[in-house]
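Heads up, the thing below is written out as structure tokens.
The values are calculated or read from the model by the stated rules, or taken from the named source; none is laboratory data. All figures in this text were calculated on a predicted structure; none of them were measured in a lab. When we count neighbours, we look across all protein chains shown, and the Cβ atoms used for this are built from the backbone with ideal geometry, even at glycine.
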Amino acid sequence: MISFIISTLFAIFTIPTLKKLKADQRLSIYLEDVHQKKAGTPTMGGIIFIVPTILIFLLFYFLDKINITYNFLIIIITFISYGLLGFIDDYLIIKRNNNKGLSESTKLLFQLLIALIFFYLFMRGGNEPLLWIQALNIKLDIGWIYGLFILLVLVASSNAVNITDGLDGLAGGLSVLAFLAFGILSWAAGWLEGYEEIALFCFTLIGALLAFLLFNVHPAKVFMGDTGSLALGATLGAIAIVTRHEILLIVIGIAFVIETMSCVIQRIYYKFTKKRFFLMTPIHHSFEKKGWEERDIVKLFWVIGLIGAMLSLIYGVWW
């Protein structure tokens with residue numbers, strides 16, 4: 001509740017400021033026919049849920065309401081670091097007045113660098129290179145491969161949310177469902193140091209995201225941009241790693257997985273056939289090209305995300 005109220009008030013002042021700064025979203029030339037009405041909508045709206053969430057936890061800390069545990073700290077570092085990377089990308093897009101921010105290789109390099117720092121901090125915290133299958137109580141020691149696995153989880157999850165952020169309310173709504181699932185899973189992880197703070201972080205972020213959605217659902221008054229999408233995706237990955245639910249992340253983020261795999265399939269298929277498998281990727285744009293209403297596409301993916309979140313709770317808590 002606190003997060004929702006503060007983030008709503010923050011958004012009321014932030015959105016007009018972004019408009020004055022002409023922080024407008026630049027439309028893709030492939031979507032000008034269906035997204036023309038979105039021209040001029042400010043981006044970089046991820047600060048609407050990032051800044052209040054950080055400020056609220058600083059307030060909680062100074063009021064001695066929470067403890068800054070090691071596991072919680074590395075999640076916050078990931079949240080802020082990927083948010084800053086996205087902010088730089090958004091800033092360059094706005095400054096250059098086109099869709100060219102950081103190059104794909106540069107962005108990937110920094111994503112990997114932050115992921116390496118996370119891996120170092122995570123292992124330094126006394127964690128072992130174990131892959132857990134919670135429901136079966138199986139722990140597999142995969143040695144150095146676990147390091148590569150962590151890099152894959154963080155980079156893939158941050159890019160997955162970034163790819164999904166293409167329709168009003170789509171990535172934001174799916175993130176609410178994903179963080180709700182992880183909040184409950186974290187609260188159930190009593191064995192984990194800082195599990196209460198991690199769960200509280202998830203619930204606080206949900207409040208901020210709901211406030212953001214007030215202005216992001218169709219017709220959107222602001223977009224989260226890479227500032228928000230990279231931060232959300234990487235944080236989901238970080239929480240999955242810390243709580244040892246890396247595999248379950250696939251179920252919780254099934255909608256993100258579908259969006260990402262559509263892009264992978266499209267690229268591979270085009271490389272070998274010079275033809276497109278889908279009308280356009282990510283796949284939500286294919287539905288747009290077929291004439292679906294934007295609201296209906298978003299509702300469909302929200303339902304898929306909800307089913308994934310509910311299945312994850314059956315797997316992660318009930319069992």
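In the range 60-86, the residues that are part of a helix (DSSP H, G or I) form Cβ pairs under 7 Å with partners that are of a type in the set (Ser, Thr, Tyr) and crowded, with 17+ Cβ neighbours inside 10 Å, at six or more places apart or across chains, as follows: Ile75/Thr235; Thr78/Thr235; Phe79/Thr235; Tyr82/Ser158; Gly83/Thr227; Gly86/Thr227; Gly86/Ser229.
Just one of the listed residues (Pro52, Pro42) is modelled with pLDDT of 95 or more and surrounded by 20 or more Cβ atoms within 10 Å (Cβ to Cβ), namely Pro52. Within the range 292-311, no residue that is of a type in the set (D, E, K, R) sits with its Cβ atom under 6 Å from a residue that is modelled with pLDDT of 95 or more and surrounded by 14 or more Cβ atoms within 10 Å (Cβ to Cβ) at 6+ positions apart or across chains. Restricting attention to the range 184-214, the residues that are of a type in the set (Phe, Trp, Tyr), assigned to a helix (DSSP H, G or I) and either surrounded by fewer than 24 Cβ atoms within 10 Å (Cβ to Cβ) or modelled with pLDDT under 95 (or both) total 3.
Pairs meeting the criteria (first residue in the range 176-200 and among the aromatic types (Phe, Trp, Tyr), second residue modelled with pLDDT of 90 or more, beta carbons under 6 Å, at least 6 apart or on different chains) are Phe179/Cys202; Phe179/Leu205; Phe179/Ile206; Phe182/Cys202; Phe182/Ile239; Trp187/Ala199; Tyr195/Ser186. Applying the set (1) modelled with pLDDT of 85 or more; (2) more than 24 Å from the chain's Cα centre (by Cα) to Leu136 leaves exactly one unmet item: (1). Would you mind finding the one in Thr281, Thr227 that is more than 28 Å from Tyr70 (Cα to Cα) and hydroxyl-bearing (Ser, Thr, Tyr)? Within the list Thr281, Thr227, the selection yields Thr281. Among the criteria (1) more than 14 Å from the chain's Cα centre (by Cα); (2) among the β-branched types (Val, Ile, Thr); (3) surrounded by 17 or more Cβ atoms within 10 Å (Cβ to Cβ), the one Thr106 does not fulfil is (3).
Go through the residues of the range 247-269 one by one and say whether even a single one is of a type outside the set (Phe, Trp, Tyr) and not in a helix (DSSP H, G or I). Among the residues of the range 247-269, at least one is of a type outside the set (Phe, Trp, Tyr) and not in a helix (DSSP H, G or I), which makes the answer yes. When you scan the range 95-109, do you find a residue that is modelled with pLDDT of 90 or more and hydrophobic (A, V, I, L, M, F, W, C), even just one? Taking every residue of the range 95-109 in turn, at least one turns out to be modelled with pLDDT of 90 or more and hydrophobic (A, V, I, L, M, F, W, C).
Every listed requirement among (1) among the aliphatic types (A, V, I, L, M); (2) under 21 Å from Asp24 (Cα atoms); (3) not in a helix (DSSP H, G or I) is met by Ile48 save one, (3).
The number of residues in the range 89-108 that are part of a helix (DSSP H, G or I), out of contact with any Lys or Arg (no Cβ under 9 Å at 6 or more places or on another chain) and either closer than 20 Å to Gly207 by Cα or of a type outside the set (Lys, Arg) (or both) comes to 6. The residues listed here are Gly233, Gly225; of these, the one that is within 13 Å of the chain's Cα centre (by Cα), crowded, with 24+ Cβ neighbours inside 10 Å and farther than 23 Å from Ile304 by Cβ is Gly225. The single residue among Tyr120, Tyr82 that is at pLDDT 90 or above, loosely packed, with under 14 Cβ neighbours inside 10 Å and under 24 Å from Ile150 (Cβ atoms) turns out to be Tyr120. Inside the range 125-166, residues that are within 27 Å of Leu85 (Cβ to Cβ), in contact (Cβ under 8 Å) with a residue 40 or more places away in the chain, in a helix (DSSP H, G or I) and not aromatic (Phe, Trp, Tyr) make up a count of 13.
Please verify whether the range 296-319 includes one or more residues that are over 13 Å from Leu167 (Cβ atoms), surrounded by fewer than 18 Cβ atoms within 10 Å (Cβ to Cβ) and of a type in the set (Lys, Arg). Looking through the range 296-319, none of the residues is over 13 Å from Leu167 (Cβ atoms), surrounded by fewer than 18 Cβ atoms within 10 Å (Cβ to Cβ) and of a type in the set (Lys, Arg).
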